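The values are calculated or read from the model by the stated rules, or taken from the named source; none is laboratory data. Just so we're clear, the structure is a prediction, and the values are computed from it rather than from any experiment. Neighbour counts run over all protein chains shown; Cβ positions are idealised from the backbone, glycine included. In case anyone asks, the SASA skips ligands and DNA or RNA and just uses the protein heavy atoms, side chains included. Shrake-Rupley method; radii C 1.70, N 1.55, O 1.52, S 1.80 Å.
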Amino acid sequence: GTQGFTAVNAYALMNAEAIYDGQRGVDNNKRVFLLTRSGFAGLQRYSTATWSGDIGTRWEDMKAQISAGLNFAMSGIPYWTMDIGGFCVENRYVAGQKQWNATKTENADYKEWRELNARWYQFGAFVPLYRAHGQYPFREIWEIAPEGHPAYQSVVYYTKLRYNMMPYIYSLAGKTYFDDYTIMRPLVMDYASDLAVRDNSTQYMFGPSMMIAPVYTYKATSREVYFPKGTDWYDLYTGKRYKGGQKQEVEAPFERMPIFAPSGGILLYGPEITYVNEKKPEVIDVYIYAGKDGSFYLYEDEGTNNNYQKGTYSKIDFNYSDATNTLTIGSREGSYPGMLSERTFNIIYVSPNAPAGWDNKGKPAKVIEYKGEQISVKL
C-alpha cells in the first residue's frame, strides 16, 4: 500500500505462507518474521504479526486500539501491534511541531500532541510488539519533546522498562509457542467467573502477572480501575495493595500509567539493555506477590534460529506456595549453546506488610545463586 492507504489483501494467509515457505526454503536456520497490515485466521502459523494499519491520531483512536488488540488476541492470533501515536495525523499537530522547531514555543496543539504520545507509548510498551511509526510530525523521541520534558522522560522510562522485562516478555513468547498462549489478554480470559469484567474494554492482562490500565483522556491524572474478584492487586510502582471485586479511582500522573500485579503473580526483570541480545541476564530480579499460589517459567533459547522447534531451549520453573511462603525454583530443563550455567536471582517478596515496587524495590528478601539444581527458599 502507498502512504496513507491501507492495502487490502484478500489472500493474506496465502501471502504469509508464501513468504514463510520462501524464506525457510532459502535459509532454514533463520527465524522468519513478517509484519503485515493484512491478516486472516491462521496467520500465526507463518511467524506473522499484524498491525492495525493507518489509524488516526485522536484520543478516541488510541482508546479504540485497546479493544482492537484484545479482539485480535481473542481471535487466536497472538502477535498484534499498532502505530504508537497514530499515523493519519491531524494537520494541527504538524503545524504545532513546525512552530516549535522554528520558534521553540509550544502552542496548545503541540502540547496536546506531546501528551498524546506519552500516553500512547505507555500503552504501547505493553502490547506484543512495541513499535512507533509515522512520518509527520517527526517521531524520533527528541522530535516529540526535548530531554527533560515529562513526555520525553516517560517514553524513556517505559522503553527501559520494556527492555528490563525481556526475561518475562520472552518467556511469554515461549509460552505462546509451547502452550498456545496469548500475551495481550482481555480480563475475561483469566477472570471469567467475574461477570463484571465481561464488558471491560480498557483494561487487560499482559501475561499472567500484569494488569494494564492505559490512560486515554487528555489532561487526565487519574482513571477508574476495576480490580477483578478472587485476588488482591498490587501497584507495580509502589507495592500498594487493592482488594479485588471493586472499582477505584487510581492516580495516573502525566508520566505514569496504572499497572498492577495479582496475588500469586511472578515478574522477572533483567539488566538495563538497549537491544535484546546486548548481554545475558546474569542477574534477574524476581518479584513474588503474596496472597495466592503462583507459577511461571523462565524460557530461553538461542534467540535467532529455529532450533527451539527441535527441543534446543531451557526452562526454569518458579513455583510459589502461599500457605508456606515458599518459592521453589525447579531444576533447569533442557539446554542450548551459549546458555548461562549459573546466575543470580534476587527475590523481592511483595506483601501487604512489605510493599515494594519497581520504583522502590529496597533490599531483596533472598539472593539465590542458581546453578541449575532445584532450590527452595522460605520468604
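Select, from Glu282, Glu333, Glu342, the only residue that is within 25 Å of Thr159 (Cβ to Cβ) and open to solvent by 40 Å² or more (accessible area, probe 1.4 Å).
Glu282
How many of the residues making up segment 114-141 are of a type outside the set (Phe, Trp, Tyr), open to solvent by 10 Å² or more (accessible area, probe 1.4 Å) and without any contact (Cβ under 8 Å) to a residue 40 or more places away in the chain?
Selection size over segment 114-141: 2.
Can you work out which of the residues in segment 200-236 that are among the aliphatic types (A, V, I, L, M) and open to solvent by less than 10 Å² (accessible area, probe 1.4 Å) is farthest from Arg162 (Cα to Cα)?
It comes out as Val225.
Between a first residue in segment 63-87 that is surrounded by 20 or more Cβ atoms within 10 Å (Cβ to Cβ) and a second residue that is of a type in the set (D, E, K, R) and part of a helix (DSSP H, G or I), which pairs have beta carbons less than 7 Å apart while being 6 or more apart in sequence or on different chains?
Filtered contacts from segment 63-87: Gly86/Asp61.
Identify the single condition in (1) hydroxyl-bearing (Ser, Thr, Tyr); (2) open to solvent by 40 Å² or more (accessible area, probe 1.4 Å); (3) at pLDDT below 90 that Ser38 does not satisfy, given that it satisfies every other one.
Of (1) hydroxyl-bearing (Ser, Thr, Tyr); (2) open to solvent by 40 Å² or more (accessible area, probe 1.4 Å); (3) at pLDDT below 90, only one is false for Ser38: (2).
Among the candidates Glu255, Glu249, which residue alone is assigned to a loop (DSSP other than H, G, I, E, B) and among the acidic types (Asp, Glu)?
Glu255
Picking from Ile183, Ile169, Ile144, which residue would you name as being over 21 Å from Val276 (Cα atoms) and buried (at least 20 other Cβ atoms within 10 Å of the Cβ)?
Ile144
Of all residues in segment 190-209, how many are part of a strand (DSSP E or B) and in contact (Cβ under 8 Å) with a residue 60 or more places away in the chain?
Within segment 190-209, residues that are part of a strand (DSSP E or B) and in contact (Cβ under 8 Å) with a residue 60 or more places away in the chain number 2.
With segment 105-184 as the region, which helices (runs of 4 or more DSSP H) entirely inside it contain at least 1 residues that are polar (S, T, N, Q) and in contact with a Leu (Cβ under 6 Å, 6 or more places away or on another chain)?
166-179
Considering each residue of segment 309-330, count those that are open to solvent by less than 60 Å² (accessible area, probe 1.4 Å) and either out of contact with any helix residue (DSSP H, G or I) (no Cβ under 9 Å at 6 or more places or on another chain) or at pLDDT below 95 (or both), and give that number.
15
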